[in-house]
1. Which members of the stretch 332-365 meet the condition of being of a type in the set (Ser, Thr, Tyr) and surrounded by fewer than 22 Cβ atoms within 10 Å (Cβ to Cβ)?
2. Having 1 or more residues that are among the aromatic types (Phe, Trp, Tyr) and free of Cβ contacts under 8 Å to residues at least 60 places away in the same chain is the bar; report the strands (runs of 3 or more DSSP E) wholly within the stretch 221-302 that clear it.
3. Within the stretch 303-327, restricting attention to residues that are part of a helix (DSSP H, G or I) and without any contact (Cβ under 8 Å) to a residue 60 or more places away in the chain, which residue is nearest to Tyr211 (Cα to Cα)?
4. On the basis of being part of a helix (DSSP H, G or I) and touching a residue at least 60 places away in the same chain (Cβ under 8 Å), does Tyr339 make the cut?
5. Quick one: in the stretch 190-220, of everything that is free of Cβ contacts under 8 Å to residues at least 40 places away in the same chain and not in a loop (DSSP other than H, G, I, E, B), which residue is surrounded by the fewest Cβ atoms within 10 Å (Cβ to Cβ)?
6. Checking Asp141 against (1) in contact with an Asp or Glu (Cβ under 7 Å, 6 or more places away or on another chain); (2) surrounded by fewer than 19 Cβ atoms within 10 Å (Cβ to Cβ); (3) in a strand (DSSP E or B), which test does it fail?
7. Return a yes/no flag: does the stretch 317-324 have any residue that is among the small types (Gly, Ala, Ser) and touching an Asp or Glu at 6+ places or on another chain (Cβ under 6 Å).
8. Is there a residue being under 22 Å from Leu236 (Cα atoms), hydroxyl-bearing (Ser, Thr, Tyr) and in the same structural domain as Tyr256 (by TED's automatic domain parsing) anywhere in the stretch 308-319?
Amino acid sequence: MAVLSAYMSKRGCMRCLRRLAPLVPVLMLLMLAVPHALAPGASLDSEDLDSGDSDAQVMLLLLWWAPFGNKPALPDCAMSYGVRGCTLTQDRAEYSRANAVIMHHRELVQEPEELPQLPRPEGQKWIWMNFESPSHSPWLDGLDRLFNLTMSYRFGSDIFFVDNPPMNHHGNNVGLPMGRRGSDSQADQHPALVAWVISNWNEEQERVQFYWRLRRYIRVDIYGRRALRLVNESVLQTISNYKFYLAFENSLHTDYITEKLWHNALQAGAVPVVLGPPRENYERFLPPDAFIHVHDFKSPRALAAYLMYLDRNPTEYGRYLAWRRDYSVHVASFWAEHYCAACQAVQASRKQKKTVKHLEIWFNS
């Protein structure tokens, strides 16, 4: 399914999206919890998706590993997100009763011996959950034909979430971060020019190599473990003082667009300068004039010159903030929304028999 990304069609599309389930927080992303939309490389073994009322089916979902060892209270899906008929548990003793089991890739790799040893109950679905890029997702080649549903940032996932869901249509009266309004006045609100927050510095990464070339022509203030200290230990408060933020990904893969864009830049009110997948990939998820892509310029020197031009021209700079009149940034509740979306997907696919045959090929494509 193609994703609509043009501004001209946003109002009509969003009127339709408002009628979808409460878990659809993303701008024009039409496949959030539609398990019959197969990812490339996945396969559907037989029956079609059941078209009945999914809310009528009570589902028990077992979270086999808490992601990264965090064990927050599990959400009430009906109260928080309007998803009825969902019970979530971390009690492995419930394995034989569970309709689905969610397995987070990081822990699966670290503790493969902890995989369930009992026979899988008939009809039980295993859900592969991963929000790391392929560069940081080892052992994918051993997972073929093991899972039934995928949950990740990849747009072809059965349960789709970007690292932080992007923009909601919000009418014409959207509240801007830090109380900012309008466009021509933006330059006065940002006394500094370019910021970058980075904790994992690796000279072999393309983002670090690009930074060394860029800094020859423009000042970049770096924050992180071995650099400047954040204002009041707050990323948002720090970045809100800057006009531009370097939303540089640590690895370059299709759809891998993380909180560096959604949270660090857009929520803070800075214009993101992105290094990641191609511009066309970013435009799946946000308007084309909401960011600056480094590959739009022939060199870091040309990019620096353009940023300094925008600094001197408030009206031109304001074009990159105009999207805020119609959209706001929604931040997902990690991991509560993900679990409830997974339950909704299991409800909808309860009569579907599907196995992901080529997980590595799909995720790396």
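The values are calculated or read from the model by the stated rules, or taken from the named source; none is laboratory data. A quick note: this is a predicted structure, and the numbers were derived from the prediction, not measured. Neighbour counts run over all protein chains shown; Cβ positions are idealised from the backbone, glycine included.
1. First, the residues of the stretch 332-365 that are of a type in the set (Ser, Thr, Tyr): 333, 339, 349, 355, 365.
Matches in the stretch 332-365: Ser333, Thr355, Ser365.
2. Details: elements: 221-223, 242-248, 271-275.
Strands (runs of 3 or more DSSP E) meeting the threshold: 221-223, 242-248.
3. From the stretch 303-327, those part of a helix (DSSP H, G or I) are 303-312, 314-325; that's our starting set.
Restricting the remaining residues to those that are without any contact (Cβ under 8 Å) to a residue 60 or more places away in the chain gives 306, 309, 312, 316, 320.
Working: Tyr306: 16, Tyr309: 19, Arg312: 22, Glu316: 24, Tyr320: 22 Å.
Residue satisfying both the conditions and the ranking: Tyr306.
4. Numbers: part of a helix (DSSP H, G or I): yes; touching a residue at least 60 places away in the same chain (Cβ under 8 Å): yes.
Judged against the criteria, Tyr339 is a match.
5. Here the residue is Trp212.
6. It fails just one condition, (3).
7. At the first step, the residues of the stretch 317-324 found to be among the small types (Gly, Ala, Ser) are 318, 322.
Filter once more, so that each one left must be touching an Asp or Glu at 6+ places or on another chain (Cβ under 6 Å): 318.
Yes, the stretch 317-324 contains at least one residue that is among the small types (Gly, Ala, Ser) and touching an Asp or Glu at 6+ places or on another chain (Cβ under 6 Å).
8. Yes, the stretch 308-319 has at least one match.
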